[in-house]
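Remarks on the structure that follows.
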Amino acid sequence: MRVRFLNCGIMYPRLAAWLSPYQERCCCICMLVEADGRLVLVDAGFGTADLEEPGRLGSGANLLFSPRKDPELPAVRQLERLGLDPGRVTDIICTHLDHDHAGGLSDFPRARVHALEEEIDAALRPGGAKERLRYRECHFAHGPDWVTYGTKPEGIWFGLGCFGGSSGLPRGILLVPLPGHTRGHCGVAVDTGSGWFLHCGDAYYLKEELRVRGKAPFGVRAFRRLAHLDHSRAMDSLAKIRELLREHGDEVRVIASHDQFEYRNLFGRPLD
Ligand SMILES: [Zn+2]
């Protein structure tokens, strides 16, 4: 199983300049997994259409997050540059379906799209203002071939409930529910053969949130109160990630979507 990291979006959240300077620039880290001759994406980042017609993202997202309109960032463009046929992407697993994670789905219209059932329900039938703001109907207008996962986990992975074995994904790729940021938010665990990666999506923003002792910076705590749909559930999920690292930190490496310091570790250069 070959794992690559792609950054499929850059945002400059306006609130962060005064609220949370660590987040004044954010990446959108996705994973590209090559297994059994297939390509599997973990999260889809922004799509080509989002950057060509920024109105697709909505005025709220453009105003609050000011995503960079760089046509080279979408996953489909990056695959082409790597010499990989985007048609080989058979499956996309979404940690959740916020606009900065699902925009790229329409660039792979034939791929199966895996997400927790609760998340798909929230995206297609948003239940309140906070949900209506975060999901974009246009991202699902092509009619994704959904693969859904219910509420009862199929198995246990390092003490956490998980899904994956029965859905036709390559062995060693699992969905790990980590709700709170959104209704059906999950992590995606990938076995590299020499250890696991857990893509935690937006379950945390900065590694400092994972410290067992001590608090995350004030601005990050304030930001996540705004960003998480259910703050208390999100903190429960964060506690699970902390415990996972405490018990199995030598076997599992965690990454988050928007951590610019993680970007520097993965790509060997700062996010510009
Ligand atoms: Zn996000």
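Charges were assigned to the Cβ only: +1 to each Lys and Arg, -1 to each Asp and Glu. The resulting dipole of the chain about its Cα centre is roughly 660 debye.
Rounded, prolate or oblate: pick one for the stretch 2-107, where a ≥ b ≥ c are the square roots of the eigenvalues of its C-alpha gyration tensor, a/c under 1.5 means rounded, and failing that, prolate if a/b is larger than b/c, else oblate. Write out the running numbers ahead of the final one.
Details: a/c = 2.28, a/b = 1.81, b/c = 1.25.
It comes out prolate by the Cα gyration axes.
Among the listed pairs Lys215/Lys240; Lys69/Lys240; Lys152/Lys215, those with a Cα-Cα distance over 28 Å are Lys69/Lys240; Lys152/Lys215.
Count neighbours as other Cβ atoms within 10 Å of each site's Cβ, and list the trypsin sites (Lys or Arg not before Pro) in the stretch 199-271 that are DSSP loop with at most 16 such neighbours. Show your work: numbers first, answer last.
Working: sites: Lys207, Arg211, Arg213, Lys215, Arg221, Arg224, Arg225, Arg233, Lys240, Arg242, Arg246, Arg253, Arg264; in loops: Arg211, Arg213, Lys215.
Filter output for the stretch 199-271: Arg211, Arg213, Lys215.
Rolled with a 1.4 Å probe across the full set of protein chains, the surface gives Ser106 an accessible area near 40 Å².
For the stretch 136-198 versus the stretch 39-67, the spacing of their alpha-carbon centroids is 22 Å.
Counting only protein heavy atoms and a 1.4 Å probe, the stretch 184-272 has 46 square angstrom of accessible area per residue.
Can you tell me the alpha carbon radius of gyration of the chain divided by the globular rule-of-thumb value 2.2 N^0.38 Å? Kindly include the intermediate steps, with their values, before the conclusion.
Numbers: Rg = 17.0 Å, N = 272, 2.2 N^0.38 = 18.5 Å.
For the chain, the normalised Cα radius of gyration comes out at 0.92.
Once you keep just the Cα pairs under 8 angstrom separated by 6 or more residues, what percentage relative contact order results for the chain? Don't skip to the answer; put the middle values down first.
Numbers: 567 pairs, mean separation 49.4, N = 272.
Reported as a whole number, the value is 18 percent.
The values are calculated or read from the model by the stated rules, or taken from the named source; none is laboratory data. Owing to the predicted nature of the structure, the values given are computational and were not obtained by experimental measurement. A quick note on method: Cβ atoms are made from the backbone with ideal geometry, for glycine too, and the neighbour counts reach across all protein chains shown. All accessible areas refer to the heavy atoms of the entire protein, side chains included, with ligands and DNA or RNA removed. Shrake-Rupley method; radii C 1.70, N 1.55, O 1.52, S 1.80 Å.
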